[in-house]
């Protein structure tokens, strides 16, 4: 459910951003993802958990094509390399953070680790917003 929704969220983010702005789409989706992620912790396992996971996947991945586009705008002479760096660095960082997450789960438990991870979405949204404002103007709206 999460993966399918993530793919649909990426498509939706790419379609929505030109209409409402890239920074607004990226920051709003990151902040909105807090709600379904918190719901996964709050509701008992069942259909509501799957629904929350679907919304979380869509919202978390809505900004992926926007990050790739921002990298391509920053390196217009090498758009494929820019996209590869975003995807590669993102995957590598996630893999390394899985180790940290596992250590945290051993130390403080799964629920507390997930809650800490969810809380990182707010500063992430602020960093995205600030980064998009600092980017040189391009054909996209912030």
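Taken together, the values in this text are just the output of simple stated rules run on the coordinates, not laboratory data. Keep in mind that this is a model prediction, so the values were computed, not measured. Cβ sites come from the backbone with ideal geometry, for glycine too, and all protein chains shown count toward neighbours.
Please compute the length gained on full extension between residue 87 and residue 20, using 0.36 nm multiplied by the number of residues separating them and subtracting their Cα-Cα distance.
That works out to 21.7 nm of additional length.
Pick out which of 94, 74, 122 has the largest mean-square fluctuation in a Gaussian network model of the chain, springs linking Cα atoms closer than 10 Å.
94
Quick check on the exposure proxy: order 92, 27 from fewest to most C-beta atoms within 10 angstrom.
Fewest-to-most Cβ neighbours within 10 Å comes out as 92, 27.
Given a cut-off of under 8 Å on Cα pairs at least six residues apart, what relative contact order in percent is computed for segment 2-134?
Relative contact order of segment 2-134: 35 percent.
First measure r as the distance between the Cβ atoms of residue 130 and residue 35, then evaluate 1/(1 + (r/R0)^6) with R0 = 25 Å and state the FRET efficiency to the nearest 0.05.
0.65
Which residues in segment 1-30 have a backbone N closer than 12 Å to a point placed 7 Å from the Cα of residue 50 along the Cα-to-Cβ line?
1-2
What spacing in nm lies between the two simple spin-label points modelled at residue 77 and residue 119, each 7 Å away from Cα in the Cβ direction?
4.5 nm
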